[in-house]
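Here the structure comes first, spelled out in structure tokens, and everything after it is commentary.
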Amino acid sequence: MSGVRVAGTGLTPFGNVPERTSRDLFAEATQTAFDVSDVPRADVEAVFYGNFMGELAEHQGHQGPLMAEAAGVQAPATRYESACASSGMAIRDAVMRVRNGEHDVVLVGGAERMTNLGTAGATEALAIAADDLWEVRAGMTFPGAYALMAQAYFDEFGGSREDLANVAVKNHKNALTNEKAQYQKTISVEEALDAPTVSSPLGLYDSCPLSDGAAALILTSEEYADEHDLDAPVAITGTGQGGDRMALHDRDHLARSPAARDAGAEAYADAGVDASDVDLAEVHDCFTIAEVLAIEALDLAQIGEGISAARTGRTTADGDVPINLSGGLKAKGHPVGATGASQIAEVTKLLAGTHPNSEHVADATTGLAHNAGGTVASATVHVLEEVDP
Amino acid sequence: MSDPDENTVRDAGFDDWLDAAEDGEAYYLECPEGHTSLPPRRLCPECGSTDLTEQPLPDTGEIATFTVTHVPTPAFEDDAPYATAIVDFGPIRVTGQVVDHDPDEVETGQTVALEISRSETTDERVIGFTSV
Ligand SMILES: [Zn+2]
């Protein structure tokens, strides 16, 4: 089907720059996206912006107009908040708006400033993605929530901390050539296992870092891309969204992510592909166990088998289905509101052959991006395909 | 029923539930279809029924999963490390802290009872579990 073209992408480096405002981060990402796209700012008809904790980190609400201004765009702007899936939601609405003919050119993206809060402050801010009354007040943290899922997974399907460490080792290795990544260094399974415990069974190396950063995308209709002879060889051909009960204890299964399954099923059907067509995926690995649950929900691994996928090499750079060739949230970093858009940027480059890791997926034509909020009470999945490969 | 901080605005429904739990009368909400939930609710989150009744929470439940948190939010700074568990009471699950155990001795499958405790950091009420 006719897709929505990715005409340009821009990322700031992800990392520890506590003094930089999110408006400055987003401005940088949009500058890059406009520069590479050859799309004039004046053609942008709407701005879709994802951010999670701006009220807490910068005492800033009403961020839509602020970010349009930062990008130098005179167009109506809306901010999307769905915890860590904030920009995934922004992308989904942008894609649907272009598809239905409402707009030909949109600016989409997100940003997050986190490290200025410090570890304790950021831990508190991230926790608000959970049910405040019934989870946070019982002492549940964000790592704690995923730890509860990891323990439930181990109890139901088996697996070990060593299996999870292999996910971290893989993603760190993938980030080695990613100059925007927060960590460009390899780690060993032993180092991961020896790291301090954050929330058992998860240790420091099972967890993504706190990150500042921004991501921006210029999306256009196929007609606009053709008319203006844009170099836009990748299209978003499928979009899906899933939802679930807010509190983890209200889910049928403590070690599964039905919202991601529903989002994936919808996106696959929308694009007219299935899981076996997926050549590579960027999935939401805020914690190592999250990658395991994601690939199972997306049918990229059988239920109960996702845990061993990194260890056996199935999801490594030269495996059957490389997962998180960018380094993932784990090594690339996770500036929450920017993550969903950054995944689309990475998949676009991987499919276009312009990513440092494209050599591992030279024949790839179909990619997937999975963005999840909280303990996956919300999720988006997007399918991207190379146009006329 | 006493609140240590008179300036704290209560959360209706939730604080009422904690009051009831402190009196040994914890409950869950059930609709005619058998869907269960925790307050405050005006209707069933599964089917929308407004016919919700309070059912007594079973006396004991089983730890369905747990974690020992070493890096807490500031509100639990002095409590860490502590064990958080999701306890399956049969018709409903509840999240809370295992308060009478060395965190390292908590295991999946342990039988526990609900007991409201206090945060060592803030003295706020916390849903707790004790072994039986
Ligand atoms: Zn019901």
Quick calc, chain A, dipole around Cα centre from Cβ unit charges on Lys, Arg (+) and Asp, Glu (-), nearest 20 debye, gives 980 debye
For chain A, set up a Gaussian network in which alpha carbons nearer than 10 Å are linked by springs, and say which option among A:Ala42, A:Ala152, A:Ala271 fluctuates the most. A:Ala42
Towards the positive end of the charge dipole of chain A, with charges on Cβ (+1 Lys, Arg; -1 Asp, Glu), say which of A:Ala145, A:Val321, A:Gly367 has the farthest Cα. A:Ala145
Select from A:Thr141, A:Thr312, A:Thr366 the residue whose mean-square fluctuation is largest in a Gaussian network model of chain A (Cα-Cα springs shorter than 10 Å). A:Thr312
Peptide B:56-67, shielding by other chains (average Cβ, 10 Å cutoff): 4
Which value, in debye to the nearest 20, describes the size of the charge dipole of the stretch B:1-79 about its Cα centre when Lys and Arg Cβ atoms bear +1, Asp and Glu Cβ atoms bear -1, and nothing else is charged? 420 debye
If you count, for every residue in B:86-96, the Cβ atoms of partner chains within 10 Å of its Cβ, what is the mean? 5
Note down the magnitude of the dipole of the stretch A:308-372 about its Cα centre, charges +1 on Lys and Arg C-beta and -1 on Asp and Glu C-beta and zero elsewhere, to the nearest 20 debye. 260 debye
What residue among B:Pro72, B:Leu57, B:Val98 has its Cα farthest toward the positive end of the dipole of the stretch B:41-107, where the charges are +1 on Lys, Arg and -1 on Asp, Glu, each on the Cβ? B:Leu57
Residue with peak Gaussian network fluctuation, chain A [Cα springs, cutoff 10 Å], from A:Thr32, A:Thr316, A:Thr237: A:Thr32
Kindly provide the helix-only [θ] at 222 nm of the protein assembly as shown, computed as the sum of -39,500 (n - 2.57) over DSSP H runs of four or more divided by all residues, to the nearest 500 deg cm²/dmol? -8500 deg cm²/dmol
If you count, for every residue in B:119-128, the Cβ atoms of partner chains within 10 Å of its Cβ, what is the mean? 2
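Only the coordinates and a few stated rules stand behind these numbers; no lab work does. Please read all numbers here as calculations on a predicted model, not as lab measurements. Here Cβ is always computed from backbone atoms with ideal geometry, including for glycine, and neighbour counts include all displayed protein chains.
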